[in-house]
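Step one of this worksheet: look at the structure below.
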Amino acid sequence: MALRSLITTRTLTRGAKSVGFGLRGLQTFTLPDLEYDYGALEPAISGEIMQLHHQKHHQTYITNYNKALEQLDQAITKGDASTTVKLQGAIKFNGGGHVNHSIFWKNLTPANEGGGDPPHGSLGWAIDTHFGSFEALIQKMNAEGAAVQGSGWVWLGLEKEFKKLVVETTANQDPLVTKGASLVPLLGIDVWEHAYYLQYKNVRPDYLKNIWKVVNWKYAGEVYAKECP
Amino acid sequence: MVAAAANPVWLTFPCQGLGGRTPGLQFHRGNKQMVQTRCTRKARPATISAKFELKPPPYPLNALEPHMSRDTLEYHWGKHHRTYVENLNNQIAGTELDGMSLEDVILVSYNRGDILPPFNNAAQAWNHGFFWESMKPGGGGKPSGDLLELIERDFGSFEIFLSEFKSAASTQFGSGWAWLCYKANRLDVENAVNPLPSDDDKKLVVVKSPNAVNPLVWDYSPLLTIDVWEHAYYLDFQNRRPDYISVFMDKLVSWEAVSYRLEIAKARATEREVEEERRKREEEEEQESDGEGVQMYLDSDADESETE
Ligand SMILES: [Fe+2]
Ligand SMILES: [Fe+2]
C-alpha cells in the first residue's frame, strides 16, 4: 500500500514537472493602477464605489488568486491530484475576478476624456451591421445585464473565428472565454451589486443606463481593430 | 387512488400542463408522494386566485440596529423583497401556478434544476420571509435544549457548527444563501430502502445555495438562513462579508425561531414516515388484489399530457 502510493506520487510528480510546472518562478499578480481618479467617473459612478471596487474587491480577488495559485503549485509538486482539482473553483472565481476587473477598468474613462463617445471606425460599422444600430446594442446589453440573476457580467464580445460581434452574459466571475474559446471581450459591464449598490441601490437598470456615459469605446475599438485588421 | 381522491386540488392540479412538454412531468411522477403530501396539507383551492403578500419582518425596521441598519431593512425588505413578491404575482397571475402555495410554486418551477421563469421570484420571496424570521432584536448567543443537543451530536460542538456555518456563508461564490437544515434521511428515494431507519438518520446539515435556490428543492427542512447577496450587507459592511456574518451569528440569530422550526421539521419527518408506511401497505395490498393497480394509477395521472 505504502509502496503503491509512493509510486503513484512519483509518477504524478514527474508528469507534472514534464509539462513545466514546479516551484520555480511562480508568478503572482498585483493590483493594476487605474488611469483616472476614483472620482473622475462621477456622476455616473461615485468615487466611493470606484475606490471600494478597486482597492477592496479587485484586491481581494488578486489576493485569493495568488493564494490559490500557490496552493496549486504545492499540490502539483506533491502530485496531490485531489487538491489540484479542488482548487479549480477558487482559481476560476478569483482568477476570473482579476481578469474581468482588469478589463472593466480599461472599459471606463471620464466623460471629459472621451467617455461615452460612440465608437468610430471599423467597430462602429460592425456594431451597426450586427445589431442594427449603436442604440440597439445598448438596449440589448441593458436588457441582458438587468436580467442576470444574482452576480455576473454582461459582455460585448468578438467571436474571432467568424468575426462576429456577440452579446453574452456570464455568472459570478466567469470570464467571457467560458462561453466560447474564440470569444474576445471588447466591453464588460460588472453587474454585481457591489458595482452600483451604494449609489443605485436595488435599481440596476439605472446603473446600466448611466454607465454608457463613461464607457471607453476607444479601447474597445482598438481591441477590435487588432483582432480584425 | 386514495391520495388523489382525498385531494381535490390534485385533480385540477396544473403541474401537468406545465410539465407536459418538459422534464417537469418526470418530476411529478418521481416525487409524486412528496408533492401530493405537500399539496394535501398546504395548497389552497384552485378557485381562489390569491396574491402572495409581502409580510413585514416580525419587528420594527430599526429594531436590529446597530447590527443591521434601518436603511438596510428599508431597501432589503421594502424594495428587494417587495419586488420579488410583486414580480411573482404578475408572473403567475392567471397561469396554472396561480392559487398554489408558495412552496408548491417553488417546487414545481424548480423543475428538477431546469428552472422555469417564476422560480427565482418565488424562491426569493420565500427565502426573504424566512430570513427575517431567522433574526430578532437581542438575538445571537447560544441555542439550548433539543437544538443544542442535536448540534453537538451532529457537528461535535456548537463552536464547530459556528465555524462551518460561517465558512459556508463566506465561501458562497457570488450571490446566495447559507443554511442550517434538518435532513430527514430518506434512503428509499431511489429504490434503495433503509433497512433500519432510526432517529440518527435525521441530521442537521450546513449547506449553501446559489442565487435563489433553497433547500426545499432538495426536500430538506430549513431551520436557519443568512442572505449573502451583497445587497444584504453592502450598506452596513460594504465588502466585508465575514464581519456581517459574524455579527449575524453573534447578535441577530433567533435561536427560538430555529428551535421552533426544528420541532416542526421533526414532526413533519415522523408524519411522512407514517404516511409512507401506510402507502406502502396499501400498495402491497392492492398488488395482491389487483396486479395492474399501480399501472392504472400512473396512466390515469399522466394521460392528459401524454396524448400528444
Ligand atoms: Fe466587481
Ligand atoms: Fe436579499
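Values in this text are rule-based calculations from the coordinates and carry no lab data. Everything numeric in this text was worked out from a predicted model, so none of it was measured. We place every Cβ from the backbone using ideal geometry, glycine too, and count neighbours over all the protein chains shown.
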For the range A:158-229, what relative contact order do you get, as a whole percent, if you take Cα pairs closer than 8 Å and at least 6 residues apart?
-> 30 percent
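Kirkwood Rh and Cα-based Rg: tell me the resulting Rg over Rh for the range B:100-167, rounded to two decimals. Please report the intermediate quantities before stating the final value.
Values: Rg = 16.5 Å, Rh = 14.6 Å.
Ratio value, two decimals: 1.13.
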Scalar couplings 3J(HN,Hα) for the range A:215-222 by Karplus 6.51 cos²θ - 1.76 cosθ + 1.60 (θ = phi - 60°), nearest whole Hz, x for Gly and Pro, are 7, 8, 6, 4, 4, 4, x, 5
Long-range amide H partners of B:S175, meaning residues 5 or more apart or on another chain whose placed amide H is closer than 5 Å, are A:S151, B:N211
Which lysines have a Cα less than 24 Å from the Cα of B:K142, not counting those fewer than 8 places away in the same chain?
-> B:K166, B:K183, B:K202, B:K203, B:K208, B:K251, B:K266
Determine the principal axes of the Cα atoms in the range A:35-87, then give the extent along each, sorted from largest to smallest and rounded to whole angstroms.
-> 52, 17, 12
Say R0 is 35 Å: what FRET efficiency, to the nearest 0.05, do A:K56 and B:D146 get from their beta-carbon distance?
-> 0.25
Largest first and rounded to whole Å, the semi-axes √(5λ) derived from the alpha carbon gyration tensor of chain A read 38, 21, 16
So how far apart, in nm, are the two label points at A:A181 and A:K86 if each is 7 Å from Cα heading toward Cβ?
-> 3.0 nm
Take the Cα pairs of the range B:63-154, get the Kirkwood Rh, then feed it into Stokes-Einstein at 4 °C and 1.567 mPa s and tell me D in µm²/s.
-> 84 µm²/s
What's the average, rounded to a whole number, of partner chain beta-carbon atoms within 10 Å of each residue's beta-carbon in A:193-203?
-> 4
To the nearest 20 debye, what is the magnitude of the charge dipole of the range A:54-153 about its Cα centre, counting +1 on the Cβ of each Lys and Arg and -1 on the Cβ of each Asp and Glu?
-> 440 debye
Given a cut-off of under 8 Å on Cα pairs at least six residues apart, what relative contact order in percent is computed for chain A?
-> 22 percent
